[in-house]
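Quick note: the coordinates plus some simple rules give every number you see, no bench work behind them. Keep in mind it's a predicted model, so treat the numbers as computed, not measured. Because the Cβ atoms are built from the backbone with ideal geometry, glycine has one as well, and the counts that use them run over all protein chains shown.
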Amino acid sequence: MSHAALTVDDDILAYLDAHERKSMLRFITCGSVDDGKSTLIGRLLYDTKLIYEDQLKALEADSKRVGTQGDRIDFALLVDGLAAEREQGITIDVAYRFFSTERRKFIVADTPGHEQYTRNMATGASTADLAVILVDARNGVMTQTRRHSFICSLLGIRHIVVAVNKMDLVGYSKETFAAIETEYKKFAAPLGFQSIVCIPISALEGDNITAKSARTRWHKGPALLPYLESVEVASDLEDKPFRMPVQWVARPDHAFRGYAGTIASGEIYPGDEIVVLPSGKRTSVKRIVTADGDLPRGRARQAVTLTLADEIDISRGDVLCAGNSPAEQTDQFAAHILWMHDDQLIPGRQYLLKTANRTLPATVTELKHKINVNTLEHLSGKTLAINEVGVCNVSTSHPIAFDSYAANRTTGAFILIDRRTNATVGAGMIDFSLRRAQNVHWQDLDIDKRARAAAKHQRPCILWFTGLSGSGKSTIANLVEKRLHDLGRHTYTLDGDNVRHGLNKDLGFTDADRVENIRRVAETAKLMVDAGLIVLVSFISPFQSERRMARELVEDGEFLEVYVSTPLAVCEQRDVKGLYAKARRGEIKNFTGIDSGYEAPTHPELTLDTSKVSAEDAAARIVDYLDSNGYLVG
Amino acid sequence: MSQLSDFLARAERYAEASGLSLSTVSRKLLNDGKGLARLKEGGQCTLKTLEEASARLAALEIEIAAPQPSAAAPAPMLDAKALTHLDRLEAEAIHIMREVAAEAENPVMLYSIGKDSSVMLRLAMKAFYPAKPPFPLLHVDTTWKFREMIEFRDRMAKELGFDLIVHINEDGVRQGVGPFTHGSQIHTDIMKTQALKQALDKYKFDAAFGGARRDEEKSRAKERIFSFRSREHRWDPKNQRPELWSIYNARIHKGESIRVFPLSNWTELDIWQYIYRENIPIPSLYFAKKRPVVERDGALIMVDDERMKLGPGESPKLEMVRFRTLGCYPLTGGVRSNATTLPEIIKEMLLTTTSERQGRVIDHDQTASMEKKKAEGYF
């Protein structure tokens, strides 16, 4: 036990006091498969005597049973936790380990080496101050080494240790080590690390782990553990401008109203002026409340509750900032995005974006380029696949308060969430705003939507017809438009045919193009609603996420989803355009209902099945709906 | 513009005269260490900011022009010490709890009465102060807990005034399930794992705090802080959501749930140290006392009630023992000890050579047993 530099005779109270004042270092280990990460961590735990007797016994038994080191202890078995990976002999996820020495406490993220698990490495890197990158002395700097270094840099790690492992297998060769050091530093130069320290080690033999090894006398630098104990990574968090994302509002009674959150950067004193984003309202801090009494000063990383001098409407999602140095605000920004899901990132598709304290709809409007993480080259591409990194333009439904990720890891970071599955699909780091959004105000036109609509005696809306090909969408839409026209209403119909031949003639039928197709149609429909029209949109629109995007573009009550639910069998039997037959023969690919899915609406405003009602009756029901819900005033 | 360049020149003169770095001066004037550098490179600021900074600079210039009181004059002492490891762990746990309170519709805190639960409870009281934690506590009672645990639980509920839900698997009780008759595996599955699922389903909790720590056990080390569970309460270790920074994805569909572990990054020593620092009450079972025990399969089992049938040759002996973890009494082995105070316990813990869970009979049933139990819905 290394907490047990303690002996039976020591004064426990003094020990506890000293332990409490230890500093802390969070680091990650990464490297290629078989570089020996798990062995290294096992070795660190073993050498700092954090392995208990019972664990050691189990380890010895396991080493004999499944170990790869013959009769010797296989340290990797200490940390390769999950049953599945014991069998495969690999590490498959991020594991966190804890150990301490007399000087420091360490939290280690053990991150996997193989390509398909890059997302886990990013996870470990996001909270680490330093990275230990393992390189197999026999193989030198490999593709994985470059990838991991790039991800460390991308996630804002500034201190790197290159542990050149398995030196025992290259005869502790000074030249081999020097060559790797030179190659690594050359490769890493553009990555902007503050420090790179290379150390020759053998995790298996214990060379240069806790103390310098006699077998590498030529090595002038430190051994690994002493270096980790002393490296200074103190961040300048407290020197940065004050930021506190509001997490939760404490209102135990009418007398108290406090804003709870973790201070992301800077410090704050009672009396300091703050500005609340996005409202831009200013006030000052009254008290810094904690359960242990009010604080004279709050500082970065503390979880506090602030009360303010003035009653201002503040809620979760707002960011409290230093009065003289507020964060920026924008609804369009450039960001690096690391994709972490099997379903590709599709520009134009809507995701949920979550910042430190706020969740809102967002779209990647443009994938500017991808980055080859091995060469750092820029590549063009239409989508991002799992483990790919891209530079993107992102648009959010509302402005968010932010700092660049380089300036602030808390207020510059976000994750992307798939709206349907709720999976975390991407991690983003904000670079800069694409416009001075705070200076852009919508032109305050004298003639607004309401005025235009009133002139037409109607409430504008979108009637969005969705359903399979041949279900009767366009037929019904045409009948509805005729009736509305007869009633003196102002309408327009957007359908696949009139849009595909013009506005969207550059788009094909891949998933990405279908999403973009719908996005353009939805935006066009929105403009028409702004013009005061009743817009009829007739599109198969098979994906829920795109229909939801269209719905959220306009105000509540302006989007009416009409689900034409005619069954596939009936549609195929009708086959007005002969398309089903072609699809069945394999002449058309990605045909909805045949070899491409259709996601039925869950809460459509209207559902009509033309195998049960006639198109005329269906149209009449829609017009009735509009009438009885106040769309056809006057 | 000349106002700006004048200001910059003055700031640089002041930096030189005071011996402070330009970034320190920048922080004093603009509350931003890089502000001056940015302005020098042609950056912009509002007139108001410039005027305020200028006024601050004027005050500093006067200060430096005045005769120095004495070289030994103490610098204005603020608490310059960095946050300690415990402070940081505490802040992290509070952040996690607030996030759940804000995002979950119907959260609950699992309360197991042990030391980790006690720490979690204290953190919850802190996180929402001066309001009360916006969630109830749930204790899954296997009916085989130490009697003292139940007394302690009820006393804490009364003193702190929190809502306590106690759930017992009544089917299991009717079938007479117990560790002596059914073995630890079946007992734990029915009275703990199944009971927990029943309770979560019954009250429709969508988020449940647990006091598990990553240093306890190998499969825990890989679990996320926000750990997703399917409608069947299953954990899929291969399909965990990536968890970056302190941004937690708490979104779920109806019927699914999230287990949340605010103490993930704490170690056993951190827990004890925090209990000591904060003076948190814990059951006296943790302290050594003469207790009636029998030695069975190498474990010291306390005879806590008449349901424990003694085998041939077994008779309870009074021994000074304490417990390193608390669970069902027939499954929790005590250790011989003379530690009757917290520092003594901590010292003993630091000097000990066996890991914490070893006293628990359930983990020894099979290799990787915890991971298997968790996949099935165990906490």
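List the lysines whose alpha-carbon lies under 18 Å from that of residue B:290, not counting same-chain residues fewer than 8 positions away?
Cα-Cα hits under 18 Å: B:317.
Measure off 7 Å from each Cα along the Cα-to-Cβ vector at residue B:234 and residue A:312, then give the distance between these two points in nanometres to one decimal.
Roughly 5.0 nm, to one decimal.
Just need the relative contact order of chain A here, percent rounded to a whole number, with Cα pairs under 8 Å and 6+ apart.
This gives 9 percent for chain A.
What percent does the relative contact order of segment A:331-435 come to when contacts are Cα pairs within less than 8 Å and at least six residues apart?
39
Would you please name the trypsin sites (Lys or Arg not before Pro) within segment A:355-384 that are DSSP coil residues with at most 14 other C-beta atoms within 10 Å of their C-beta?
A:382
Which whole-Hz couplings ³J(HN,Hα) result when phi for each residue of segment B:239-250 is put into the Karplus expression 6.51 cos²θ - 1.76 cosθ + 1.60, θ = phi - 60°, listed in order with x for Gly and Pro?
10, 8, 6, x, 10, 10, 6, 10, 9, 9, 8, 9
Count, for each residue of B:84-90, the Cβ atoms from other chains sitting within 10 Å of its Cβ, then give me the mean as a whole number.
6
Here is the link list: B:192/B:309; B:126/B:238; A:473/A:526; A:105/A:212. Which ones come out longer than 31 Å on Cα distance?
B:126/B:238
When the C-alpha atoms of segment A:331-435 are aligned to their principal axes, what extent does each axis show, in angstrom, from largest down?
So the extents along the principal axes, rounded to whole Å, are 33, 32, 21.
Quick one: which residues, 5 or more positions from residue B:207 or on another chain, have an amide H under 5 Å from its amide H? H modelled 1.01 Å from N in the peptide plane, none for Pro or chain starts.
It is B:106, B:108, B:258, by chain and number.
Stretched out fully, how many nm does the piece from residue A:448 to residue A:607 gain, at 0.36 nm a residue minus the Cα gap?
Here the segment from residue A:448 to residue A:607 would lengthen by 54.0 nm.
Taking the Kirkwood radius as the inverse of the mean 1/r across Cα pairs, report the Rg/Rh of segment A:449-628.
Here the Rg-to-Rh quotient is 0.96.
Can you give the average number of partner chain beta-carbon atoms within 10 Å of each beta-carbon in peptide B:118-131, as a whole number?
Numbers: counts 0, 0, 0, 0, 1, 2, 0, 1, 5, 7, 7, 9, 11, 10.
Per-residue shielding by partner chains comes out at 4.
Taking chain B as the region of interest, what is the percent of Cα-Cα pairs per 20 angstrom bin, listed from the shortest bin to the one with the maximum distance?
Whole-percent P(r) values from 0 Å outward: 23, 42, 20, 12, 1.
For residue A:382, give me every one of the lysines with a C-alpha distance below 24 angstrom, ignoring sequence neighbours fewer than eight places off in its own chain.
A:354, A:368, A:370, A:505, A:589
Round to the nearest 10 and give me the degree value, 0 to 90, for the angle of helix A:615-628's Cα axis relative to the longest principal axis of chain A.
With rounding to tens, the tilt is 80 degrees.
Straight-line reach from residue B:34: which lysines have a Cα under 19 Å away, not including same-chain ones fewer than 8 places off?
Correct list for residue B:34: A:240, B:48.
Working from Cα positions, state the angle (0 to 90°, nearest 10) between the long axis of helix A:37-47 and the longest principal axis of chain A.
For helix A:37-47, the angle is close to 40 degrees.
Report, in degrees rounded to the nearest 10, the 0 to 90 angle that the Cα long axis of helix A:53-66 makes with the longest principal axis of chain A.
Result, in degrees: 70.
Given R₀ = 45 Å, what would the calculated FRET efficiency be for residue A:628 paired with residue A:377, taking r from the Cβ atoms and rounding to 0.05? Write down the numbers at each step before the final one.
Values: r = 60 Å, r/R0 = 1.34.
It comes out at approximately 0.15.
For the residues A:213, A:284, A:202, what sequence is obtained by ranking on other C-beta atoms within 10 Å, fewest first?
On the way: A:213 20, A:284 14, A:202 25.
Placing the least packed residue first, the sequence is A:284, A:213, A:202.
Check which residues have an amide H placed less than 5 Å from residue B:319's amide H, if you skip close sequence neighbours.
B:291, B:293
Given R₀ = 51 Å, FRET efficiency for residue A:432-residue A:178 by Cβ-Cβ distance, to 0.05?
For R0 = 51 Å, the calculated efficiency reads 0.80.
Between residue B:9 and residue B:151, what is the label-point separation in nm under the 7 Å Cα-to-beta-carbon projection?
So the two model labels end up 8.2 nm from each other.
Counting only other chains, what is the mean number of Cβ atoms within 10 angstrom of the Cβ of each residue in peptide B:245-256?
Shielding by partners across B:245-256 averages 6.
Residue by residue through segment A:591-603, which ³J(HN,Hα) values in whole Hz follow from phi under the Karplus form 6.51 cos²θ - 1.76 cosθ + 1.60 (θ = phi - 60°), with glycine and proline marked x?
Values per residue, Gly and Pro as x: 8, 4, x, 9, 10, 9, x, 10, 9, 5, x, 8, 9 Hz.
Apply the Karplus curve 6.51 cos²θ - 1.76 cosθ + 1.60, θ = phi - 60°, to the phi angles in segment A:362-377 and return the couplings in whole Hz, x for Gly and Pro.
The phi angles translate into 8, 10, 7, 7, 7, 9, 6, 6, 9, 10, 6, 6, 8, 10, 6, 5 Hz.
State the antiparallel share, in %, of DSSP beta bridges confined to the protein assembly as shown, rounding to the nearest 5.
Of all bridge pairs located within the protein assembly as shown, approximately 60 percent are antiparallel.
If one computes the Cα centroid of segment A:285-363 and of segment B:201-245, what distance in Å separates the two points?
Taking the Cα centre of each part, segment A:285-363 and segment B:201-245 sit 25 Å apart.
Roughly how many Å is it from the Cα centre of segment A:556-626 to that of segment A:143-191, as a whole number?
Segment A:556-626 and segment A:143-191 have Cα centres spaced 58 Å from each other.
Take peptides B:248-257, A:414-423 and line them up by average Cβ neighbours within 10 Å, highest first, as a rough protection proxy.
Ranked by mean Cβ neighbours within 10 Å, highest first: A:414-423, B:248-257.
Give the distance, in whole Å, between the Cα centre of segment B:280-345 and the Cα centre of segment A:394-408.
With segment B:280-345 and segment A:394-408 each reduced to a Cα centre, they are spaced 56 Å.
Near the amide H of residue A:99, under 5 Å away, which other amide H atoms are found, from residues 5 or more places off or on another chain, if H is placed in the peptide plane?
So residue A:99 has HN proximity to A:106, A:108.
Per-residue counts of other Cβ atoms within 10 Å, averaged by peptide: what ranking do you get for A:483-493, B:155-165, A:19-29, highest first?
A:19-29, A:483-493, B:155-165
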